[in-house]
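Working notes, structure below.
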Amino acid sequence: MSNNASGDQINAIVVGAGLGGCACALALKHHGHSVTIYEKLRTFRRLGDSLGLGDNALKLLERWGGRDLHHRLTSIGNQAPDMQIRRWHDGKILAVQPLMDMAGYIGHRGDYHAAFLDAVRDAGIEIHMGCEVANYEDEAGSQPAITLPDGTRAAADIIIGADGIKSRARELVLGFTDAPKSSGYSCYRAYFPGAHLKEDPLFRNGEEFNWIVTRKLSHEADMEIRESWFQEGDLEDVARVTATVDPRIRAAVAKTPSCLDWKICYRDPLPTWVSPRSHSIALLGDSCHPHLPTSAQGASQATESAAVLATPSKSTKLPSLNNMHDIQTRTYEKLRFARTRASQSNGEDLRDRWHNALKDIDDGVEIDPESLKIRNRWLYAFDAEADTLERWEEVSSLVSEELQTGNITPLC
Ligand SMILES: Cc1cc2nc3c(=O)[nH]c(=O)nc-3n(C[C@H](O)[C@H](O)[C@H](O)COP(=O)(O)OP(=O)(O)OC[C@H]3O[C@@H](n4cnc5c(N)ncnc54)[C@H](O)[C@@H]3O)c2cc1C
């Protein structure tokens, strides 16, 4: 039984066993809380393609899952020392940047996910697979609860909606459906075994091959927003849009078995990440701070959010009339919002710089290498747990006042 009265131990439910949900469960368990996960899929397959995991996340995961987890995660990622940014039509190197400064370790999402899932199971955390959360209960003064389609109900001190980009928990928190907006761009994405490429003199090493081609959407039908990781791409169209690029890229496209068509969508920042009545259902990961692919931080920021949600200081001197779970969730959103916005904006800035550079290249302008580099380095040194402990007293006192007056300042 949880020791809720002292606020020390929380009984939590996490909805969604993606990377964010697994990180959250690991963090909660590590900090002595009790946690159960509900996941709608019956089984996981190796889904997605390349995903970056930065040191800001790895240091936390090592704390929660030990040296073995850290070793497994860093073995998945690309071990190349540098990233080269090349001119699209002739392959001329325009800029070179250490990989660890820009995107951390880049590996297959499915392999990272498998490592996160194994760590969750090793920690003895139960995952209820094939359990889609259909409803949330959020009443003032009551424990929040979830309901499954078969009527099964489960209540907890805190419920974390780590249910991804199409989050149902977000609808409950906001009170409306937050529709995606087209960015006007789409990615064709492919990831496939590369053994047959090794025979080609244009390629070197590597067991697997990943390419992503970004294209500007031009037709109205194209702009229709189908936000999905499963929509099949048209390889003939990829061949058409890459017909004049560097021959190495064309050769890779010619040897690709299949690809996805992934629309790049935006969502506006949310005014709140916490449910309005019980204040005890909180969003985490893509459900509240989705990132553009140019940020390379979606999974890392979800991991940081997990750390902040699970690390509230036990030494708080708040008035005893406060419900500690409200304080925890409302302090979490205030501690996290600015940093996730900065990380999201970093990806938007890089996207703009890369698109502008393309125009300049087409106009024959020489490109400044610095203008092409990913500026992620400042994100990696951050320790989300240490920052939480440092700022907890100040921010939670503010939250306590807001909860008592009922005037909760929106995040944006
Ligand atoms: C299939 C897939 C492929 C992806 N591929 C890439 C990629 O190649 N590169 C990249 O950078 N990012 C990719 N992402 C996104 C990336 O995983 C996230 O940006 C990041 O890891 C944050 O994860 P998250 O846990 O917030 O969301 P997600 O990883 O999306 O996980 C959400 C989880 O919640 C579950 N869920 C949703 N609704 C419910 C419900 N009602 N009840 C119970 N469970 C529910 C989903 O099944 C899923 O397992 C992909 C996501 C998915 C789902």
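The values are calculated or read from the model by the stated rules, or taken from the named source; none is laboratory data. Only a predicted model underlies this, so the values are computations on that prediction, with no experimental measurement involved. In this analysis, Cβ positions are derived from the backbone assuming ideal geometry, glycine residues included, and neighbour counts consider all displayed protein chains. All accessible areas refer to the heavy atoms of the entire protein, side chains included, with ligands and DNA or RNA removed. Shrake-Rupley method; radii C 1.70, N 1.55, O 1.52, S 1.80 Å.
For ARG240 and ARG63 in one chain, what is 0.36 nm times their gap in residues minus the Cα-Cα distance, to one decimal in nm?
59.0 nm
I'd like the orientation of helix 298-310 relative to the chain: the angle between its Cα long axis and the longest Cα principal axis, in ° from 0 to 90, rounded to 10.
Long axis of 298-310 versus the principal axis of the chain: about 10 degrees.
For segment 181-266, what is the charge dipole size about the Cα centre, in debye to the nearest 20, if Lys and Arg each add +1 at the Cβ and Asp and Glu each add -1 at the Cβ?
Using only the charged Cβ atoms, the result is roughly 300 debye.
So what is the 222 nm mean residue ellipticity for the chain from helices alone, if each DSSP H run of at least 4 adds -39500 (n - 2.57) and you divide by all residues, rounding to the nearest 500 deg cm²/dmol?
-12000 deg cm²/dmol
So how tilted is helix 19-30 from the main axis of the chain? Cα-based, degrees 0 to 90, rounded to 10.
Approximately 40 degrees, to the nearest 10.
Counting GluC sites (Glu not before Pro) as exposed when in a DSSP loop with at most 10 other beta carbons within 10 Å, what is the longest stretch of the chain free of them?
Here the longest segment lacking exposed loop sites spans 1-198.
Could you state how much accessible area THR244 has, in square angstrom rounded to the nearest 10, with a 1.4 Å probe and all protein chains kept in place?
90 Å²
Rounded to the nearest 5, what is the percent of antiparallel bridges among the DSSP beta bridges in the chain?
So the antiparallel bridges amount to about 70 percent of the total.
Return one whole number: the accessible area per residue of the chain in Å², for a 1.4 Å probe.
46 Å²
Say the dipole of segment 181-266 comes from +1 at the beta carbon of Lys and Arg and -1 at that of Asp and Glu; which of ALA252, ILE264, PHE203 then lies farthest toward its positive end?
It is PHE203.
Which of the chymotrypsin sites (Phe, Trp or Tyr not before Pro) found in segment 229-267 are loop residues per DSSP with 12 or fewer other Cβ atoms within 10 Å of their Cβ?
Listed in order of number, the matching sites are PHE230.
Looking at segment 1-80, which chymotrypsin sites (Phe, Trp or Tyr not before Pro) are in a loop (DSSP not H, G, I, E or B) and have at most 10 other Cβ atoms within 10 Å?
Sites meeting the loop and neighbour criteria: none at all.
Sort LYS373, LYS255 by heavy-atom solvent-accessible area, probe 1.4 angstrom, most to least. Numbers along the way, then the final one.
Values: LYS373 45, LYS255 70 Å².
Final ranking, largest accessible area leading: LYS255, LYS373.
So which trypsin sites (Lys or Arg not before Pro) in segment 142-222 are both in a DSSP loop and have at most 11 other Cβ atoms within 10 Å of their Cβ? Please list the in-between numbers first.
Details: sites: ARG153, LYS166, ARG168, ARG170, LYS181, ARG189, LYS198, ARG204, ARG215, LYS216; in loops: LYS166, LYS198, ARG204.
Sparse-neighbourhood loop trypsin sites (Lys or Arg not before Pro): ARG204.
Can you give the charge dipole size of the chain about its Cα centre, rounded to the nearest 20 debye, using +1 on the beta carbon of Lys and Arg and -1 on the beta carbon of Asp and Glu?
Details: 46 positive and 58 negative charges, 87 e Å.
I would put it at about 420 debye.
On C-alpha positions alone, give me the angle between the axis of helix 55-76 and the longest principal axis of the chain, in degrees, nearest 10.
Taking Cα atoms only, the helix is inclined about 40 degrees.
At ALA179 and ALA338, where each label point lies 7 Å from the Cα along Cα→Cβ, what is the point-to-point distance in nanometres?
3.4 nm
Compute the relative contact order of segment 181-266 as a whole-number percentage, counting only Cα pairs closer than 8 Å that sit 6 or more residues apart in sequence.
The normalised contact order for segment 181-266 reaches 45 percent.
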